[in-house]
Amino acid sequence: MTVAELIIRLNQAPPNAKVIVRGYENGYNDVIELKSLFVRPNQEANWYDGEYEKSETTDGIEAIEIYGENKISE
């Protein structure tokens, strides 16, 4: 999904709907921030790994990570 595709989908959602991400194992978390990074396909990913891995150089695919965490878990 691209940023443009996400904007289209979000524009169709109720404006007061909460934006959430999946929790580590169960449940959901609030979005804390958007992170800009570069990624590359992870050709050796296992089924439980992400399709992409972080690229330490800017020759990867430019991406935005929607990041969330459980702020009350400590």
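Readers should treat all values here as calculations from the given coordinates under stated rules, not as data from a laboratory. Remember, predicted model here, so these are calculated numbers, not experimental data. For neighbour counting, all protein chains shown are included, and Cβ atoms are generated from backbone atoms with ideal geometry for every residue, glycine included.
Summary table below
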item	result
Count - residues of the range 18-44 that are within 23 Å of Glu62 (Cα to Cα), touching a residue at least 12 places away in the same chain (Cβ under 8 Å) and assigned to a loop (DSSP other than H, G, I, E, B)	1
Per-region count, the range 1-49, residues farther than 23 Å from Lys71 by Cα and of a type outside the set (A, V, I, L, M, F, W, C)	15
Any hit, the range 45-59, residues being among the β-branched types (Val, Ile, Thr) and either surrounded by 10 or more Cβ atoms within 10 Å (Cβ to Cβ) or part of a helix (DSSP H, G or I) (or both)	no
